[in-house]
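**Q** Here it is, the structure, as structure tokens.
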Amino acid sequence: MSEIHAGTRCPSLGSDAPVRLASRLGGHLLIDQMLSEGTTLAFGVPGESYLSVLDGLFDHCEDMRLITTRHEGGAAMMAAAYARLTGQVGVCFVTRGPGATNASIGLHVAHQDGLPVVLLVGQVPTSEAQTSAFQEIDYVRMFSPIAKDVLVINRVERIPELTSRAFRVAASGRPGPVVLVAPEDVLLEQTTAKVLPPVTPLRYGPTEADLDCLMTWLSDAERPVALVGGSGWARESATQFQSFAEAHSLPVVTAVRQQDLIDNESPVYVGTLGLGTTPGLEAKLADADLLIIVGAMPDALTAKELPALRRDVRAPRLVHVYPDPDGLHHRRRADLAIVSSVGAFVQTLPNRAAGIAATRLAWLESLRLAWQERAWEVADTDISTRYVRALRRALGPDVVVTVGAGNYTAWPQRGWVYREFPSMVGTQAGSMGYGLPAAIAAKLVFPTRRVVAWAGDGCFQMTCQELATLVQYELDVLIIVVNNSCLGTIRMHQEARFPGRPVGTALINPDFAALARSYGVRGFRVFEPAEMEDALDEILAEPGAGLIEIVMGGSPA
Ligand SMILES: Cc1ncc(C[n+]2csc(CCOP(=O)(O)OP(=O)(O)O)c2C)c(N)n1
């Protein structure tokens, strides 16, 4: 018996009830399984290789919304940002060959940031496999280094099993991306296979012995520091860790581009790593006698500014809490390695302490002072400070800030005060172009919060076509483009290594404000902070997306 398509309707389009018989198309079954896994939002670019999946959405357009992007890179980045913002699996649909290769940048982000993403790729028909068929790629070979798993659906009956597994693997342990490869003919076959219920991902927690040891070491420590980062955080877990740290006067540093893991006005927040770190803080951190890393990976970026992780520095005691045993003992051996998800770990932490030694309080105070010596807090003459202050004044405290990669990211990292999780979305992978797609995901997740996407002129042009997506879905996002007419970060490195010999880093740019207007986004060009205030007044006076191009150093070429 085959499924009857005629007369099936999205409920909003008519009253005909969807007709479901015992048998259905593979593509429809895949959508039904994704609905069973809890998917309500997906990002992608349609392709002829997975038409029956798209057709499956026709019946469910109110249950699962498909956001059609202008480039698969943007779609995969949105899926990754969605995962960071919600803790849920981000879903992305792309076609074979060109679609999959375009999407790979977002997969890399999800892999490096530990974000659960399922990328569905339509594949050539099985009868044509391994013949260099039109747009064919071996996805197992292609994606293995940047995906937790690549699952090829070889039979229509296996769609529920493999789809469900993709979700489970993406979300379990250290989360990450999983690629689900679906050949066109398999998706077009009929099947009576049933949808499976979702499996809750397994979560590990710390043992009592782990906690006893941690608490003993913490009470013995005079100069402890906690580093929070990585994935798997939720508002509740971030708040719980903050209460614990405050009760124990434990100074907390956030990992690169993760400043929102603690209220920046908490008395225990002492700064962030990455472009926002101050030399004063970095020097102070070298004195720590206990380092507690929760969720973060002591990767190269982190170690660069956290001296306790460098091989050449006297090592403090290290406690590392991480959701995957394979991520422990990297770079530096942990003295106490705890395999635990962030949520399960923080739940067990006592948020009361017997009494805090004066030495600990003095240590906390010295770190706070080292952090507060931030030049940008006092230097009114610094142009970035003045722009950021104008923005903060106009927007108020509840803002989700997104960034890509480039020197400009220091502006919202240094000058912004993050009060709650999630309110910052950036990537550890340092992918240019992330800001706008991440902002689109943020606005879809939090329609009532203000969302600001930051980009450099180079960064913005990697994904600026998603302005069309912004307009199509009526998303009220504010975009700030810091235009210095060059790939400033690379120019900076060139000048440091090969002074006076810049190559390939000058950019001749469009008029970004006019470009925005051509998409239907209100665009303004400003040359100084006072002009930005006027532009903000106009943009915020009415709903709708807006873009402000900050022209650095006079009129661009
Ligand atoms: C996709 C991608 N390509 C290249 C790079 C290397 N890269 C890092 S920062 C940067 C320049 C960014 O320029 P821009 O956005 O104008 O910001 P600026 O550094 O000038 O503030 C480049 C090319 C990268 N991180 N990501």
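**Q** What single numbered condition from (1) over 17 Å from L336 (Cα atoms); (2) in contact (Cβ under 8 Å) with a residue 24 or more places away in the chain fails to hold for D210?
**A** (1)
For every residue, the table says whether it meets (1) more than 16 Å from the ligand (Cβ to nearest atom); (2) hydrophobic (A, V, I, L, M, F, W, C); (3) buried (at least 17 other Cβ atoms within 10 Å of the Cβ); (4) in the same structural domain as W454 (by TED's automatic domain parsing).
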{"residue": "Y473", "(1), (2), (3), (4)": "yes, no, no, yes"}
{"residue": "L478", "(1), (2), (3), (4)": "yes, yes, yes, yes"}
{"residue": "N483", "(1), (2), (3), (4)": "no, no, yes, yes"}
{"residue": "C486", "(1), (2), (3), (4)": "no, yes, yes, yes"}
{"residue": "H493", "(1), (2), (3), (4)": "no, no, no, yes"}
{"residue": "A496", "(1), (2), (3), (4)": "no, yes, no, yes"}
{"residue": "P499", "(1), (2), (3), (4)": "yes, no, no, yes"}
{"residue": "P502", "(1), (2), (3), (4)": "no, no, no, yes"}
{"residue": "A506", "(1), (2), (3), (4)": "no, yes, no, yes"}
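**Q** Looking only at helices (runs of 4 or more DSSP H) that fall completely inside the range 201-288, which ones have 3 or more residues that are at pLDDT 95 or above and polar (S, T, N, Q)?
**A** On the way: elements: 208-220, 235-247, 279-285.
Passing ranges, in order: 235-247.
**Q** Out of curiosity, is F524 part of a helix (DSSP H, G or I), among the aromatic types (F, W, Y) and under 25 Å from V425 (Cα atoms)? If you could, list the steps in order and put the result at the bottom.
**A** Details: part of a helix (DSSP H, G or I): no; among the aromatic types (F, W, Y): yes; under 25 Å from V425 (Cα atoms): yes.
No.
**Q** Let me ask something else. Would you please name the residue that is farthest from F421 (Cα to Cα), looking only at residues in the range 452-471 that are of a type in the set (S, T, N, Q) and within 10 Å of the ligand (Cβ to nearest atom)? Outline the logic, then answer.
**A** We begin by selecting, within the range 452-471, every residue of a type in the set (S, T, N, Q); these are 461, 463, 465, 469.
Right, trim to within 10 Å of the ligand (Cβ to nearest atom) and you get 461, 463.
Values: Q461: 28, T463: 25 Å.
Checked the range 452-471; the qualifying residue farthest from F421 (Cα to Cα) is Q461.
**Q** Next question. Please go through the range 444-487 and pick out each residue that is more than 17 Å from V425 (Cα to Cα) and among the basic types (K, R).
**A** Correct list: empty.
**Q** (1) more than 13 Å from the ligand (Cβ to nearest atom); (2) touching a residue at least 60 places away in the same chain (Cβ under 8 Å): which one isn't true of Q372, the others all being true?
**A** (2)
**Q** What number of residues within the range 354-386 are β-branched (V, I, T), part of a helix (DSSP H, G or I) and modelled with pLDDT of 80 or more?
**A** Going residue by residue through the range 354-386, those that are β-branched (V, I, T) are 356, 359, 378, 381, 383, 385.
Okay, now just the ones that are also part of a helix (DSSP H, G or I), so 359, 378, 383, 385.
Next, only the ones that are modelled with pLDDT of 80 or more stay: 359, 383, 385.
Result for the range 354-386: 3.
**Q** If we only count strands (runs of 3 or more DSSP E) wholly inside the range 16-115, which ones have 1 or more residues that are surrounded by fewer than 23 Cβ atoms within 10 Å (Cβ to Cβ) and β-branched (V, I, T)?
**A** Values: elements: 41-44, 65-68, 90-94.
The qualifying strands (runs of 3 or more DSSP E) are 65-68.
**Q** Filter the range 495-523 for residues that are touching a residue at least 12 places away in the same chain (Cβ under 8 Å) and more than 20 Å from S485 (Cα to Cα) and give the result.
**A** Correct list: Y519, G520, V521, R522.
**Q** Filter the range 431-451 for residues that are within 16 Å of the ligand (Cβ to nearest atom) and either in contact (Cβ under 8 Å) with a residue 40 or more places away in the chain or not in a loop (DSSP other than H, G, I, E, B) (or both) and give the result.
**A** Pass one, the range 431-451, residues within 16 Å of the ligand (Cβ to nearest atom): 431-439.
If the condition is that a residue be within 16 Å of the ligand (Cβ to nearest atom) and either in contact (Cβ under 8 Å) with a residue 40 or more places away in the chain or not in a loop (DSSP other than H, G, I, E, B) (or both), then S431, G433, Y434, G435, L436, P437, A438, A439 are the ones that fit.
The values are calculated or read from the model by the stated rules, or taken from the named source; none is laboratory data. All of these numbers come straight from a predicted model, not from anything done at the bench. Every residue, glycine as well, gets a Cβ built from its backbone with ideal geometry; the counts of neighbours run over all protein chains shown.
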